[in-house]
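Peer 1: What follows is a single structure, and I will ask about it in a moment.
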Amino acid sequence: MNDADAPREFAFELALCAHLEETTEWVLSRQLGAAVDRSGRRIVDVVGVVPGPDFEERARITDRSIPVRAIESGVGAGEAVSRYRALRESWRLREEVVERAIDVGFFERERRKGREYLRRTTRYPDGWFEGLVGIENKPDLGDPGALSRQLRTDVSLGLFEEVVLATESHVTRAHLNRIPRAVGVWRFDPETGRKEVIRESTSLSTESAGVELVEERPLRTDVAIVGTDEKARARRRIAERAYGKGWRTYDFPACAHASATADGRPYCAQFECVVEPSRACGSECTGYAPGSPPEVAADEHRDSRTSWRRDPPGVVRRQTGLDRFG
Ligand code: SF4
């Protein structure tokens, strides 16, 4: 083990995801871009997607992310359009987006007279999620970093219905005063999985325009107004990424001391704790003993514990016979 603080944040985050997976219906993911201007500018620690009435319809299409540019393109479920025309008329569509949409089973292709045509395999079920929860983890409030600014930005932008700060620290009135009033505060113990709601979050309006902090410089802060359409698009992108990504996104180390907890977190028997393999493990670790990485089926855990469905049958219609005209 070679990094003292980061493993704490990582272990805290994974324990919180495992807890939320057990206690809510949310689709959970970690470390997602959640800015509109440039989505990588703001990385949210944990995102909870609250399922809506069309969830099953969405789950049936694919277990991966459907590219949002394909959803927003002019390729519909009715009459097939030529690939050339679809790319020319939908400026959001790119070759790689088309290929990905075909790969995940959201588009299907047909060939007629040597030309390729595209069609959606199904309508996109917009109502598959009805809310987003953004959670910022700060196990140690004594080291807040840019916490207050990040939370202010999340609240003024309003991509999430709920914004929550999760911490392991004792939360004082002074801490609460520094955090925007709308932000909920949880105290969470990663060892016991006990969660205490210190302050309920206030529901944010996701259907009105928001204000995004674009750049902060001495004596000057640049902000951008984010319209409702842009916001809806960003929310869909976050929900789709969360659906495809999940939270068990780490590889297990090839170390004899590594194993997995029952819910699929990387555990080190040598140091008796959950570890972040990419930072803590490797030949530089003092406890490292070469071995095979534990076999962990992250997808199976996810499938059996949540409403996300692994490897669904898909909705591709079998256009038997169309290829004959190619
Ligand atoms: S699993 Fe192995 S490499 Fe990773 S922290 Fe433990 S002893 Fe070190």
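Peer 1: With the checklist (1) in contact (Cβ under 8 Å) with a residue 40 or more places away in the chain; (2) among the charged types (D, E, K, R); (3) on the phi > 0 side of the Ramachandran plot in hand, flag the one item GLU212 doesn't pass.
Peer 2: (3)
Peer 1: Shifting gears a bit: I'd like to know if region 249-256 contains one or more residues that are polar (S, T, N, Q), over 18 Å from the mean Cα position of the chain (by Cα), more than 16 Å from the ligand (Cβ to nearest atom) and closer than 30 Å to LEU157 by Cα. Can you show your working first?
Peer 2: We begin by selecting, within region 249-256, every residue polar (S, T, N, Q); these are 249.
With the extra rule that they be over 18 Å from the mean Cα position of the chain (by Cα), the set shrinks to none.
For region 249-256, residues polar (S, T, N, Q), over 18 Å from the mean Cα position of the chain (by Cα), more than 16 Å from the ligand (Cβ to nearest atom) and closer than 30 Å to LEU157 by Cα: absent.
Peer 1: I've got another one for you. Just give me the residues in region 265-279 being near the ligand (Cβ under 7 Å from one of its atoms), assigned to a loop (DSSP other than H, G, I, E, B) and closer than 12 Å to PHE252 by Cβ, in sequence order.
Peer 2: Narrowing region 265-279 to residues near the ligand (Cβ under 7 Å from one of its atoms): 268, 270-271, 275, 277.
Applying the additional criterion that residues be assigned to a loop (DSSP other than H, G, I, E, B) yields 270-271, 275.
VAL275, the sole residue that qualifies.
Peer 1: Residue check: is SER259 hydroxyl-bearing (Ser, Thr, Tyr), within 13 Å of the ligand (Cβ to nearest atom) and either more than 24 Å from GLU191 (Cβ to Cβ) or more than 29 Å from the chain's Cα centre (by Cα) (or both)? Can you show your working first?
Peer 2: Details: hydroxyl-bearing (Ser, Thr, Tyr): yes; within 13 Å of the ligand (Cβ to nearest atom): yes; either more than 24 Å from GLU191 (Cβ to Cβ) or more than 29 Å from the chain's Cα centre (by Cα) (or both): no.
The answer is no for SER259.
Peer 1: Another question about this same structure. Within region 83-98, take every residue that is surrounded by fewer than 14 Cβ atoms within 10 Å (Cβ to Cβ) and not hydrophobic (A, V, I, L, M, F, W, C) and give me the one that is nearest to GLU25 (Cα to Cα).
Peer 2: GLU96
Peer 1: Mind listing just one residue for me: the one in region 280-303 that is surrounded by 13 or more Cβ atoms within 10 Å (Cβ to Cβ) and under 21 Å from the mean Cα position of the chain (by Cα) and, of those, nearest to the ligand (Cβ to nearest atom)?
Peer 2: Looking only at region 280-303, we keep the residues that are surrounded by 13 or more Cβ atoms within 10 Å (Cβ to Cβ), and these are 280-282, 285, 287-288, 293-294, 296-299, 301-303.
Filter again for under 21 Å from the mean Cα position of the chain (by Cα), leaving 296-299, 301-303.
Numbers: VAL296: 13, ALA297: 19, ALA298: 17, ASP299: 22, HIS301: 19, ARG302: 23, ASP303: 26 Å.
Looking at residues that are surrounded by 13 or more Cβ atoms within 10 Å (Cβ to Cβ) and under 21 Å from the mean Cα position of the chain (by Cα), I get VAL296.
Values quoted throughout were computed directly from the atomic coordinates according to the rules given, and no laboratory measurement underlies them. Just so it is clear, the structure is predicted and the values come from calculations on it, not from any experiment. Positions of Cβ are generated from backbone atoms using ideal geometry, with glycine treated the same way; all protein chains shown enter the neighbour counts.
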